[in-house]
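> Would you mind keeping the following structure in view while I ask a few things?
The values are calculated or read from the model by the stated rules, or taken from the named source; none is laboratory data. Everything numeric in this text was worked out from a predicted model, so none of it was measured. Note that each Cβ is placed from the backbone with ideal geometry, even for glycine, and that neighbours are counted across all protein chains shown. Just the protein is used for accessible areas: all its heavy atoms, side chains included, with ligands, DNA and RNA removed. Shrake-Rupley method; radii C 1.70, N 1.55, O 1.52, S 1.80 Å.
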Amino acid sequence: ADSGEVVEVCSSPGEVANSPVAGHQYLLQKAGDADEEFSDALDQDHDRWYSNHMVWNTATLNAPDQLRQRVAWALSSIFVVSGNSISRTEQVESWATYYDIFVAHAFNDFKTILKSVAFNPLMAEMLTFKGSKSLAYQVERNGVLLYPDENFAREIMQLFSIGLFMLNEDGTKVVDESTGEHIPTYTNSDVVNFSRGWTNFVDRQDQRDNIEAEWDLGFVPNALEPMELPTSEGRDVFPKTELKVNEKRGYIGDNVPRCDALPPKAWLKKGATYHFR
């Protein structure tokens with residue numbers, strides 16, 4: 001909001017002010033300069049696509065919390081996003097923000113990591129569910145029988161969590177005694193069902209002046225803030241079943257109170273206070 005005297009700028013998760021002690025080493029918008037290619041100066045020209053490597057190498061190799069950095073690297077090798085699939089190869093801040101999920105939550109619980117990854121715009125572009133619409137929306141609005149994108153709904157199980165087959169405690173695959181076949185953890189019907197839960201996610205905010213932008217390429221959506229559900233239009237609003245566990249299957253959200261049933265300021269921890277600056 002711009003009152004004429006004060007400008008309020010919303011920050012990104014984990015964003016902090018620059019440390020004056022650290023200086024300004026990375027001039028992200030500069031083009032290559034052969035005269036400074038072998039210079040040992042901190043502020044030397046370089047092509048933008050090298051910036052990701054420079055930032056990561058410097059931050060990771062010099063960080064005092066090396067165990068955290070190694071866990072973050074391992075997690076990033078599981079929840080993979082790739083420049084080959086996302087047209088943001090010359091950006092730095094969006095990739096660093098995604099990687100910071102694993103640095104920040106290296107020792108946190110798996111649910112928190114998975115939720116942060118799922119709401120990140122880069123993952124939504126990588127596994128193609130950003131902007132996915134419900135079947136009802138496609139039929140009513142466009143007159144086509146087009147189901148929601150199933151890519152992320154499948155990979156969140158196959159690659160990121162439970163894998164393809166049920167396992168015993170020793171890691172061996174569970175065998176169905178009646179058929180002699182390995183028991184799958186999910187079916188294609190589960191994938192179709194879960195894909196309905198990932199409909200209508202979009203970028204949360206437009207670009208703002210205090211983050212990296214590429215105005216010469218036209219409008220580039222803000223890839224720092226978590227995505228949001230702006231409206232119910234395009235969203236699959238019908239109940240979604242859970243995976244079958246011990247031959248039982250419930251619905252996602254069972255026993256979870258509706259937002260309109262929560263008390264005021266339910267998002268604050270007990271005893272917490274807040275103020276506006």
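> Is there a residue in segment 137-148 that is in contact with a Phe, Trp or Tyr (Cβ under 6 Å, 6 or more places away or on another chain), open to solvent by 70 Å² or more (accessible area, probe 1.4 Å) and not in a loop (DSSP other than H, G, I, E, B)?
Within segment 137-148, none of the residues are in contact with a Phe, Trp or Tyr (Cβ under 6 Å, 6 or more places away or on another chain), open to solvent by 70 Å² or more (accessible area, probe 1.4 Å) and not in a loop (DSSP other than H, G, I, E, B).
> Checking SER116 against (1) surrounded by 23 or more Cβ atoms within 10 Å (Cβ to Cβ); (2) in contact with a helix residue (DSSP H, G or I) (Cβ under 6 Å, 6 or more places away or on another chain), which single condition isn't satisfied?
Among (1) surrounded by 23 or more Cβ atoms within 10 Å (Cβ to Cβ); (2) in contact with a helix residue (DSSP H, G or I) (Cβ under 6 Å, 6 or more places away or on another chain), SER116 violates only (1).
> Something else: With the condition kept exactly as written, say whether any residue in segment 254-273 is basic (Lys, Arg), at negative phi and surrounded by 10 or more Cβ atoms within 10 Å (Cβ to Cβ).
No, segment 254-273 contains no residue that is basic (Lys, Arg), at negative phi and surrounded by 10 or more Cβ atoms within 10 Å (Cβ to Cβ).
> Right, another one. Quick check on segment 109-138: of everything there that is among the hydroxyl-bearing types (Ser, Thr, Tyr) and in contact (Cβ under 8 Å) with a residue 60 or more places away in the chain, which residue is farthest from ASP203 (Cα to Cα)?
Looking at the filtered set, the residue picked out is TYR137.
> Need pairs with beta-carbon distance below 8 Å; first residue touching a residue at least 24 places away in the same chain (Cβ under 8 Å) and within segment 223-241, second among the basic types (Lys, Arg) and loosely packed, with under 13 Cβ neighbours inside 10 Å; sequence gap 6+ or separate chains.
Listed pairs, sorted by first residue: THR241/ARG249.
Per-residue answers, yes or no, for (1) more than 30 Å from TYR50 (Cα to Cα); (2) in contact with a Lys or Arg (Cβ under 8 Å, 6 or more places away or on another chain); (3) of a type in the set (Gly, Ala, Ser):
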{"position": "TYR98", "(1), (2), (3)": "no, no, no"}
{"position": "PHE102", "(1), (2), (3)": "no, no, no"}
{"position": "ALA106", "(1), (2), (3)": "no, yes, yes"}
{"position": "PHE110", "(1), (2), (3)": "yes, no, no"}
{"position": "ILE113", "(1), (2), (3)": "no, no, no"}
{"position": "ASN120", "(1), (2), (3)": "no, no, no"}
{"position": "MET123", "(1), (2), (3)": "no, no, no"}
{"position": "LYS130", "(1), (2), (3)": "no, no, no"}
{"position": "VAL139", "(1), (2), (3)": "yes, no, no"}
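> If a residue must be exposed (fewer than 10 other Cβ atoms within 10 Å of the Cβ) and touching a strand residue (DSSP E or B) at 6+ places or on another chain (Cβ under 7 Å), how many such residues does segment 170-194 contain?
0
> Then there is this: For SER87, indicate whether it is open to solvent by less than 40 Å² (accessible area, probe 1.4 Å), under 22 Å from the mean Cα position of the chain (by Cα) and either modelled with pLDDT of 95 or more or under 25 Å from ASP203 (Cβ atoms) (or both).
When the stated conditions are applied, SER87 does not pass them.
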